[in-house]
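Right, one structure below, let's go through it.
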Amino acid sequence: MEKSVMISVSGLVKTFGGKNNKVIAVDDVSLEVHKGEFVAITGPSGSGKSTLLNLLGGLEKPDSGKIIAAGEELTAVKDAQLAEYRRRRSGFVFQFYNLIPVLNVEENISLPLDLDNKKVDKKELDDLLELLGLTERRYAYSGQLSGGQQQRVSIGRAVINKPPCIFADEPTGNLDSKNSREVISLFKEIIAKYNTALVMVTHDGSIAAEADRVLTMTDGKITDERVRSF
């Protein structure tokens with residue numbers, strides 16, 4: 001059965017710089033991402049992959065083109081609505097964990113709900129901590145955690161709202177190979193549990209090979225697309 005479309009993009013263009021030094025970071029990109037799909041974006045540095053990810057997640061606005069994500073046309077909404085989409089309908093995981101050092105594990109994970117004045121469901125938080133392998137570390141602070149544990153906390157923070165889309169930019173970039181494999185395994189468990197879409201930028205070919213589909217970018221364009229053979 002064909003999965004429903006979670007993200008639909010057409011004719012996306014994003015440029016930086018002025019008239020004399022303009023750089024086309026994303027050049028007429030069109031794509032679809034389906035519910036429950038793991039899509040990896042690869043390519044050399046400067047190819048536009050992180051910019052594309054930021055556009056899909058609503059962190060940046062395109063110069064032209066259309067983005068429909070989780071049923072909402074991001075290119076047609078005001079800044080306040082875009083901020084609400086980022087807060088409620090998407091989750092972000094970055095190379096650097098961006099944890100709040102004065103908050104413990106469960107407080108960092110619950111932060112998106114707190115900022116949205118929503119009450120934390122204790123059972124759901126307990127279940128998520130178990131999934132993350134952090135039940136015994138729930139009251140620890142970031143300085144007391146390993147890099148792999150800190151990234152698990154940031155993944156939990158991205159997932160606590162059960163967003164339909166998760167965007168990850170080099171989430172294994174600061175991790176060793178063992179922790180990298182564990183993080184990818186965790187992402188796959190999250191996709192299966194919540195049926196969310198995952199779009200990940202990575203330089204690591206072994207990580208990209210775990211994705212359902214791999215998009216390669218060159219000079220702002222998608223130049224190759226490979227579907228994983230099962």
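A simple count of charges around L131, restricted to other residues whose Cβ falls under 11 Å of its Cβ and scoring Lys, Arg +1 and Asp, Glu -1, yields -3. Using a cutoff of 8 angstrom between alpha carbon atoms and counting only pairs six or more residues apart, the relative contact order for the range 47-152 works out to 22 percent. Computed from the Cβ-Cβ distance with R0 of 41 Å, the FRET efficiency linking K19 to K162 stands at 0.40.
Entry note: the chain has Rg to Rh equal to 0.96, where both radii use alpha-carbon atoms and Rh is the Kirkwood radius. For the chain, adding -39500 (n - 2.57) for each run of n ≥ 4 DSSP H residues and dividing by the number of residues yields -10000 deg cm²/dmol at 222 nm. Modelled spin labels at S206 and S146, positioned 7 Å past Cα toward Cβ, are 1.6 nm from each other.
For the range 58-166, the Cβ-based charge dipole about the Cα centre amounts to some 60 debye (Lys, Arg positive; Asp, Glu negative; other atoms uncharged). Summed over all non-identical Cα pairs, the Kirkwood treatment of the range 117-230 gives a radius of 15.5 Å.
Placing +1 on the Cβ of every Lys and Arg and -1 on the Cβ of every Asp and Glu, with no other charges, gives the chain a dipole of roughly 240 debye about its Cα centre.
Of the listed pairs K22/K118; K119/K193; K19/K49, which have alpha-carbon separations greater than 31 Å here?
K22/K118
For the peptides 173-180, 33-40, residues were scored by their other Cβ atoms within 10 Å and the scores averaged per peptide; the highest-first order is 33-40, 173-180. Centre-to-centre separation between the Cα atoms of the range 127-172 and those of the range 40-99: 20 Å. Each other residue within a Cβ distance under 14 Å of A40 adds +1 if Lys or Arg and -1 if Asp or Glu, for a net charge of -3. Listed by number, the DSSP H helices of the chain that run 24 Å or longer by alpha-carbon position along their axis and have mean Kyte hydropathy of at least -1.0 are 177-194.
So how do 78-85, 95-102 stack up, highest first, on mean other-Cβ count within 10 Å?
My ranking of the peptides, most packed first, is 95-102, 78-85.
Taking every alpha-carbon pair under 8 Å whose residues sit at least 6 apart, the chain reaches a relative contact order of 29 percent.
Every number in this text was worked out from the coordinates using simple rules, so none of it is lab data. Only a predicted model underlies this, so the values are computations on that prediction, with no experimental measurement involved. All Cβ positions, even for glycine, are placed from backbone atoms using ideal geometry, and neighbour counts span all protein chains on display.
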